[in-house]
Amino acid sequence: MGLAEEVEILRRIPLFANIDPAKLKLMCFASERVTFKDSEVLCRQGETGDAAFIILDGTADVQVERREGTMSVATLTKNDIVGEIAILCDVPRTATVVAKGELTTLKVTKDLFFGLVKDFPEIGIEIMRVLAHRLEATTGELIAAKAGAGA
Amino acid sequence: MEPNLFKYIWKHSKRDQLFILVLVLLSLPFYFVSLQLPKQIVNDGIEGKGFAGPGSTQNFLSLDLPFGETLFGRPVTLFEGFDLEQMALLFALSFAFLALVIVNGIFKFVINTLKGQLGERMLRRLRYELTDRVLRFRLAQFKKVRQAEVATMVKDEVEPLGGFIGDAFMTPVFLGGQALTAMAFILLQNVWLGTVAAVIVLVQAILIPKLRVRILELGRQRQLVSRHLAGRIGELVAGATEIHAHDTSNFERAEISHRLGIIYRIRYEIFRRKFFVKFLNNFLSQLTPFIFYAVGGYLVIIGQLNIGALVAVIAAYKDLPAPVKELIDWDQQRNDVQIKYDQVIDQFHPPEMVDPENQKPYSESVTPLTGEIVVSGLGLVDENGNTLLNGVSFRAPLEEHVAVVGPSNSGKDHLTMMLAGLTAPSSGRVTVGDYDLRSLGQWVTGRRLSYVGDDAYLFSVSVGENLLYGLKHVPQRLSDALDAQERSSQEAESRRAGNITLDIKDDWIDYEAAGATGPEDLTARMIEVLRLVDLEDDIYRFGLQGTVDPKARPELAAGLLKARADLSRVLAERGAGDLVVRFDPEKFNDNATLAENLLFGTPVDPAYDVEHLPQNPVIVSILKSEGLLDDLEVMAVNIAQTMVEIFADLPPGHPFFEQFSFIAYDDLPEFRALITRTEKSGFKSLNEDEQARFLALPFRYIKGRHRLDLSEESSESFEARILKARHAIFDRLLTEDGSGPVAFYDPATYNAAASLQDNMLFGRLAFGRAQAAETVGTAMTEVLETLDLRQSVIEVGLDYDVGLAGKRLFQTQRQKLAMARAIIKNPDLLIVNQAFSGMDDGTRQRVLDRVLAARKGRGIVWALQDMENARVFDRVLVMDAGRVVREGRFEDVAGAEASDALAEAG
């Protein structure tokens, strides 16, 4: 799999969907493709993160540690992105991500991402738009949940 | 130094000058005879004058005693000579001429060689003396000295003196003699005409030097302006960061342009005046013949002078202008070099210098200092009358660790400099044991005390050499690189030129001072000190990046081969074997560049470096025969297109260009144009250089890293053909002894051109494997430790070149190395002025603790900024505004500080 395919995958992720393909290509080119073997850890809950991972191939397990033990909350597959919050702001990882079988990812570091946003503000605007949509959706859900709870 | 250049030259070379003079005088008779002989050959030998007829003879080579008749009343014949017929005489005279030509040539050769030798020897002496004086400047003097100016004075400005020194005395004697002879001859022929000639020569001799006064003055200015230019250019280099950071490059350009303009104007005026003087000189020289023709002719016509005398005078005058002109030139040169000399030595006469006795090469061992440091009433006033230190007094046993705490203007750095004997106090004194520090020479202070400043300088040599720098006071062991005869002849030459006779090639390291017995156990001691200052790991890493010659260190090369095997086994055991993709002669390595895959080795000859491969005829012919050139062309255009596309909008100087791009920002437009042309009329339409620029791209391409999905590379046959080309290159370039232009990878041999690390890996880290570098690095360290090779790797690291002023090291590494350099000589008192400013608090405290622990019971005085660091010291002095304001144990002093601060706040 080469650069062109990586760009295609990125375009399917909402966060990057509207960004100029040439810029996505630059991002892919400058990013490292990292492969993990079965049960190797991409990121660990509580640690500070410095990169987001885009799943190019394989599956990964998202686990949350609770007092009563580790709990699998989601499974990631091709075209999923994980850890994108970490490249936008400094928060600890909210979950641990473990490879299930051979896993290929594209590792987009915070430095690279911020560098690109600084050089090409239109990327920043796109990201802002996506985040605003998310916020709106979350707010909607919250209102619905509150309404549900109130009823 | 002697202010008069002539006295200086005479003082140091009178014997040689006189010897050459004698040779010149000896050569003169031969020279005159050789001028005489052609006439005799023509008259007697060829035209046969003096031969009565066929068969008659003439005498050849008869020699009468000069003035024999006056002395003895009759001619005294020393040698009867031979009677020869005309033909025989012709050949005899001709061969005599040839012999004289040879003799004259030999004289000239010997005299010129001796003059050259004399000049060079004096130049060596002069340069040595100047450098010697620089080494004896007081440290305060260096604040006023620009290094580039000193360098240009010692190197360039004295250079013309070398050429002049050989002629300094010879020329006036020789040319003066010639001129006087010709003058006397003219006077003998006719007093009046002679007087005319003499008057004009006098006018020349008086007028011309007068006109040249201004030229000399201009020359003096030119020298100063050029020297300052050199100083400024040195500053441009030293201040490059500031110039870039403040966008002042154009200010600097204008400044330099201004200086160059001044130099231009000075030089132009010099030329104008010089050529005018030349014109005048020539005119005066030709004025004399005019007078001879006009006045002499008039006298002949009215019968006052006979024609023969006039012709003789005119003939004799031919010999006069040349020596006179040369004498005037010599005088000009003399003035010139005298000025140069004045201007140079002027700069080397500071008001105060270190007494040579103070720096003498003392080869006995120096008794350690013991007892107490007593500082009494120490004061320091700078040249502007500011008081920097004021009545500082304290005493401390030499075994104690003393911290001097205070802000940067508290005077603590001046105090440490004085304790090290580097600055002389304006009042008061420092005694250590029984000695006043001022009475001790550098041969004591430099060995028994150690000073480390905050901006310690590293020399542009290896880490190891820098570490041992403080142990090189005098030669300790003679080197066997020179045999006794060579050594004594070199020493004799040094002595003749007034140079020091110590030999730099000897072993200067004072092993004993370092606590070692010889080179064998010194390395262990060096590593110990490096560990003490927390530098061992850094040097170990330098070692991994370094190279070794397996012939010089076969045991290390063998060990590393073992490590190569072990590393691969250890990684495999840990299930991490695939983190390193090994070099396999029969496989294409996705994690190496295409160039590496092709050469399958490390280039030794620069012609095989990546950027030169497209123009390397061997490589190109092999690529062609494997049909790879076409694929590479398509790949090249593909890569260029991608690069131009994705890097197009990035601003210039963006770090991405450095990190990721195959093409520099400045080259992007050109590549864009080239791509357009290629798309229109094909790759072949580019010229050879342009093609080579394109073809350099795929050689840098790493399939696993760059993932550009080039269709050519994915074809199975591409990699197979690369492998075939690899074998073809191998067959073509492999030599018996492995000394070819490429050091090939061979699983069973050590690669001298590759780093230790690459030799161990014998492959490339797999791209995109999580934690690959860390996992492999750890395994590598473990393997080296098991094989007991860590020390050897550090030894290789000791050869790492620190670069100019240590710029290849980080600031903290420089500071640690400087500290190690001060510690390794085991001084009686270690004096530290901050020295760790670049380090984070944790590292600083850790190294400080370790240094203090290692020097338990041996003196330390350490100037610190932060009271917290002083906790581990026996005694603390608190300084402020040039005074000691508090002294005592840390608990007391720090407690008092705190309550003061509270009181102030309250």
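Within segment A:27-60, being in contact with a Lys or Arg (Cβ under 7 Å, 6 or more places away or on another chain), at pLDDT below 90 and hydroxyl-bearing (Ser, Thr, Tyr) holds for A:Ser31, A:Thr35. Residues in segment B:239-292 that are charged (D, E, K, R) and out of contact with any helix residue (DSSP H, G or I) (no Cβ under 9 Å at 6 or more places or on another chain): B:Glu242, B:Asp247, B:Arg253, B:Arg265, B:Arg272, B:Lys278. The residue of segment A:24-55 that is farthest from A:Ile123 (Cα to Cα), among those that are facing chain B (nearest Cβ under 10 Å) and of a type in the set (Asp, Glu), is A:Glu40.
Cβ-Cβ contacts under 6 Å between residues 6 or more apart (or on different chains), taken from a first residue in segment B:102-116 that is under 17 Å from B:Thr171 (Cβ atoms) to a second residue that is surrounded by 14 or more Cβ atoms within 10 Å (Cβ to Cβ) and small (Gly, Ala, Ser), are listed as B:Phe107/B:Ser27; B:Lys115/B:Gly166.
Kindly indicate which of B:Ser62, B:Ser34, B:Ser56 is within 60 Å of the chain's Cα centre (by Cα), modelled with pLDDT under 80 and among the hydroxyl-bearing types (Ser, Thr, Tyr). So that I can check it myself, show each step before the final result.
Values: B:Ser62 fails: within 60 Å of the chain's Cα centre (by Cα); B:Ser56 fails: within 60 Å of the chain's Cα centre (by Cα).
None of the others qualify; the one that does is B:Ser34.
Looking at segment B:635-646, which of its residues are touching a Leu at 6+ places or on another chain (Cβ under 7 Å), more than 7 Å from every other protein chain (Cβ to nearest Cβ) and within 10 Å of A:Leu26 (Cα to Cα)?
If the condition is that a residue be touching a Leu at 6+ places or on another chain (Cβ under 7 Å), more than 7 Å from every other protein chain (Cβ to nearest Cβ) and within 10 Å of A:Leu26 (Cα to Cα), then B:Thr642 is the only one that fits.
Which of the residues belonging to segment B:588-602 are in a helix (DSSP H, G or I) and within 37 Å of the chain's Cα centre (by Cα)? If you could, list the steps in order and put the result at the bottom.
The initial filter retains those residues of segment B:588-602 that are in a helix (DSSP H, G or I), namely B:594-599.
Matches in segment B:588-602: B:Ala595, B:Glu596, B:Leu599.
If you check B:Asp521, B:Asp510, B:Asp578 for being more than 27 Å from B:Ala728 (Cα to Cα), buried (at least 17 other Cβ atoms within 10 Å of the Cβ) and of a type in the set (Asp, Glu), only one passes: B:Asp510. Screening B:Leu284, B:Leu305, B:Leu280, B:Leu320 for residues that are closer than 30 Å to B:Glu157 by Cβ, in contact (Cβ under 8 Å) with a residue 40 or more places away in the chain, surrounded by 12 or more Cβ atoms within 10 Å (Cβ to Cβ) and not charged (D, E, K, R) leaves exactly one candidate, B:Leu280.
Residues that are touching a residue at least 40 places away in the same chain (Cβ under 8 Å) and polar (S, T, N, Q) within segment B:118-148 comprise B:Gln141, B:Gln147, listed in sequence order.
Taking first residues from segment B:23-38 that are under 18 Å from B:Phe95 (Cα atoms) and partners that are surrounded by 15 or more Cβ atoms within 10 Å (Cβ to Cβ) and not hydrophobic (A, V, I, L, M, F, W, C), the Cβ contacts under 7 Å between residues at least 6 apart in sequence or on separate chains come to B:Phe30/B:Asn104; B:Tyr31/B:Asn104; B:Ser34/B:Asn104. All conditions in (1) surrounded by fewer than 23 Cβ atoms within 10 Å (Cβ to Cβ); (2) touching a Ser or Thr at 6+ places or on another chain (Cβ under 9 Å) hold for B:Ile794, with the sole exception of (1). Inside segment B:649-672, residues that are in contact (Cβ under 8 Å) with a residue 24 or more places away in the chain and either facing chain A (nearest Cβ under 10 Å) or aliphatic (A, V, I, L, M) (or both) make up a count of 2.
Condition (residue is within 10 Å of chain B (Cβ to nearest Cβ) and either in contact with a helix residue (DSSP H, G or I) (Cβ under 7 Å, 6 or more places away or on another chain) or charged (D, E, K, R) (or both)) applied to segment A:82-100: is it met by at least one residue? Checked against the condition, which is being within 10 Å of chain B (Cβ to nearest Cβ) and either in contact with a helix residue (DSSP H, G or I) (Cβ under 7 Å, 6 or more places away or on another chain) or charged (D, E, K, R) (or both), segment A:82-100 yields no hits at all.
Inspect segment A:61-81 for any residue being in contact with a Lys or Arg (Cβ under 7 Å, 6 or more places away or on another chain), surrounded by fewer than 20 Cβ atoms within 10 Å (Cβ to Cβ), within 14 Å of chain B (Cβ to nearest Cβ) and within 20 Å of A:Leu103 (Cβ to Cβ) and give the result as yes or no. Lay out the reasoning, then the answer.
The first filter runs over segment A:61-81 and keeps only residues in contact with a Lys or Arg (Cβ under 7 Å, 6 or more places away or on another chain), leaving A:61, A:79.
Keeping just the survivors that are surrounded by fewer than 20 Cβ atoms within 10 Å (Cβ to Cβ) gives A:61, A:79.
Cutting the leftovers down to within 14 Å of chain B (Cβ to nearest Cβ) gives us none.
Taking every residue of segment A:61-81 in turn, none turns out to be in contact with a Lys or Arg (Cβ under 7 Å, 6 or more places away or on another chain), surrounded by fewer than 20 Cβ atoms within 10 Å (Cβ to Cβ), within 14 Å of chain B (Cβ to nearest Cβ) and within 20 Å of A:Leu103 (Cβ to Cβ).
Taking the conditions (1) in a loop (DSSP other than H, G, I, E, B); (2) buried (at least 22 other Cβ atoms within 10 Å of the Cβ) in turn, B:Arg808 satisfies each one other than (2). Pairing each residue of segment B:685-711 that is facing chain A (nearest Cβ under 10 Å) and closer than 18 Å to B:Ile646 by Cβ with any residue that is buried (at least 17 other Cβ atoms within 10 Å of the Cβ) and aliphatic (A, V, I, L, M), provided the two are 6+ apart or on different chains, yields C-beta distances under 7 Å for B:Arg707/A:Leu3; B:Leu708/A:Leu3; B:Leu708/B:Ile639; B:Asp709/A:Leu3; B:Leu710/B:Met635. With the checklist (1) assigned to a loop (DSSP other than H, G, I, E, B); (2) under 26 Å from B:Tyr8 (Cα atoms) in hand, flag the one item B:Glu357 doesn't pass. Condition not satisfied by B:Glu357: (1). For B:Ser739, the test of being away from chain A (no Cβ under 14 Å) and either in a helix (DSSP H, G or I) or under 30 Å from B:Pro397 (Cα atoms) (or both) is failed.
Only a single criterion out of (1) modelled with pLDDT of 90 or more; (2) under 27 Å from B:Leu369 (Cβ atoms); (3) not in a helix (DSSP H, G or I) is not satisfied by B:Val885, namely (2).
Output yes when any residue across segment B:570-579 is touching a helix residue (DSSP H, G or I) at 6+ places or on another chain (Cβ under 6 Å), free of Cβ contacts under 8 Å to residues at least 12 places away in the same chain, under 30 Å from B:Gln771 (Cα atoms) and assigned to a helix (DSSP H, G or I), and no when none is. Yes; the residues of segment B:570-579 include at least one that is touching a helix residue (DSSP H, G or I) at 6+ places or on another chain (Cβ under 6 Å), free of Cβ contacts under 8 Å to residues at least 12 places away in the same chain, under 30 Å from B:Gln771 (Cα atoms) and assigned to a helix (DSSP H, G or I).
Please list, ordered by residue number, the strands (runs of 3 or more DSSP E) wholly in segment B:814-882 having 1 or more residues that are touching a residue at least 24 places away in the same chain (Cβ under 8 Å) and of a type in the set (Gly, Ala, Ser).
Answer list for segment B:814-882: B:859-864.
Taken as a whole, segment B:200-210 holds no residue that is under 30 Å from B:Val145 (Cα atoms) and surrounded by 15 or more Cβ atoms within 10 Å (Cβ to Cβ).
Test B:Lys856 against the criterion of being within 25 Å of B:Leu468 (Cα to Cα) and either surrounded by 14 or more Cβ atoms within 10 Å (Cβ to Cβ) or within 31 Å of the chain's Cα centre (by Cα) (or both), and give yes or no.
Details: within 25 Å of B:Leu468 (Cα to Cα): yes; either surrounded by 14 or more Cβ atoms within 10 Å (Cβ to Cβ) or within 31 Å of the chain's Cα centre (by Cα) (or both): no.
No; evaluated as a whole, the condition is false for this residue.
For segment B:603-610, the condition of being within 14 Å of chain A (Cβ to nearest Cβ), closer than 23 Å to B:Ser755 by Cβ, assigned to a loop (DSSP other than H, G, I, E, B) and touching a residue at least 60 places away in the same chain (Cβ under 8 Å) holds for none of the residues. In segment A:8-20, the residue that is nearest to the other protein chains (Cβ to nearest Cβ) out of those that are out of contact with any Asp or Glu (no Cβ under 9 Å at 6 or more places or on another chain) and not β-branched (Val, Ile, Thr) is A:Glu8. Looking across segment B:427-436 at every residue that is on the phi < 0 side of the Ramachandran plot and modelled with pLDDT of 90 or more, the one that is surrounded by the fewest Cβ atoms within 10 Å (Cβ to Cβ) is identified as B:Asp436.
The values are calculated or read from the model by the stated rules, or taken from the named source; none is laboratory data. The model shown is predicted, which means the values in this text are computed figures rather than measured ones. Because the Cβ atoms are built from the backbone with ideal geometry, glycine has one as well, and the counts that use them run over all protein chains shown.
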